[in-house]
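The values are calculated or read from the model by the stated rules, or taken from the named source; none is laboratory data. None of these values were measured; they are calculated from a predicted model. Using ideal geometry, Cβ is built from the backbone for each residue, glycine included, and neighbour counts are taken over all protein chains shown. Areas reflect the complete protein model, heavy atoms only, side chains present, ligands, DNA and RNA absent. Shrake-Rupley method; radii C 1.70, N 1.55, O 1.52, S 1.80 Å.
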Amino acid sequence: MSDTAASGTTAQAAPEATTAPAPAPGPAQTFTDRLRRPRTYAVLLGSVLLLVLPFYLDRFWLQAGLFAMAAAIGAIGLNMLTGATGQLSMGHAFFLAVGAYGYCVLAGESSTENGHTLTGLGLPTWLAAILAVLLAGAVGGLFSPIAGRLRGAYLGIATLALIFIGQHVLFNAGSLTGGYNGRAVPPLSLFGLTFDDSELVVAAVPFGASEKLWYVGLVALLLSALFARGVLRGRPGRAMNAIRDHRIAAGVMGVPVARYRAGVFVLSSMYAGLAGVLLALVFQRTVPEYFGMILSLEYLAMIVIGGLGSVGGAVIGAAFVTLLPQVLTHYSDSLPLVSAPGTGGLAPGEASRYLYGAAVVAVVLFLPGGLARLGLARARKPAAPRKPAAPKNPAAPKNPGEKK
């Protein structure tokens, strides 16, 4: 009987030994697996392509790409506020204007232009760019107590008031903004290199302002995307999603809801300020009419089309909304129902708004995750591990009642 009991104990212990979890793969194996992913090769190929594009594209397409980069930076900031935290903002264009005109005032010199005596502090341009981003964050901080207490449509209406206030200031504060005609933008100077139209020859290719600014835009977009990705994947991102999904439950769990809302609003304003600085450098002249309600609506369309709460979705949506009118304008002669601007037909700008308006409806109805979800394969659910059968013990009796 003792032998039988021992053999039974052995038979019961065997399955537990065989179901022990396998050791996790080491860091070297995980890194190797990541290198073998097709996504890694796609990222490397895309990075190399973006680096060499200034050597082959003309000025039109480089400027279009820079507009898309600036829009992507602003869309990332708005996506953290609206997509991740659930705070509707209609005043994003106002903070772009703060960044653009803040850079002009901080970096520009005092002069007279179009009948306006312009005020300028004449700071180094790289310092003026940083201070302009901080200025946009400070202005957002002044509005953050309201953003921390309002939500939904109420916050949308409150931020919409910023557009009207901003337009009034931009058109009437002539000494700061230059009035209706705007003011010139001082070129950026960094490490002894001036990002203007002065020709710089690299590998027998002349580099102008667009070619030089291309790499500035790439660096700014990369740093902005990496920082936002770290925020959304960390503890602040989880708190923001909790506020978006159920603010009362988030407060019960200990999340300071009003403080997080205010902080995300300030961060989103700084992203918009950086986008405004880059736009001003590309345009080389700031115009008040550009920073209106239509621009804010376009940014909302970007994050909806690309995907709410996703950094990659913000970049994709910004590229779609920004490049579409540029493509229609460039190929207006060969496209049906689209005519060149000023010829009396359907202008490329109007056609592009119709198209991405239809894209917003299609995404809301059929693709709630946005265009960013199209490139993601559906994750397969891992099959449940089979429970291994108990090994047969030759010493055990075949029948329960049979004695050895």
Checklist entry - Taking the inverse of the average 1/r across all pairs of different Cα atoms in segment 33-163, what Kirkwood radius in Å do you get? => result 18.0
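State in Å² the accessible area per residue of segment 176-297; use a 1.4 Å probe, count heavy atoms of protein chains only, and round to the nearest integer. Mind showing how you got there, number by number?
Numbers: 5970 Å² over 122 residues.
Result: 49 Å² per residue.
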Next on the checklist: Please report the carbon-and-sulfur percent of the accessible area for segment 264-324; probe 1.4 Å, protein heavy atoms only, DNA, RNA and ligands left out.
Outcome noted: 76
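By average Cβ neighbour count within 10 Å, what is the ranking of 320-327, 251-258, 89-96 from highest down? Please report the intermediate quantities before stating the final value.
Numbers: 320-327: 20.0, 251-258: 13.1, 89-96: 28.8.
The densest-packed peptide leads the list: 89-96, 320-327, 251-258.
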Checklist entry - For labels at VAL252 and LEU200 in the simple 7 Å Cα→Cβ model, what's the distance in nm? => result 5.8
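Need the full-extension length gain, SER47 to LEU226, defined as separation in residues times 0.36 nm minus the C-alpha distance. One decimal, nm. Please list the in-between numbers first.
On the way: separation 179, 0.36 × 179 = 64.44 nm, distance 1.46 nm.
Computed gain between SER47 and LEU226 is 63.0 nm.
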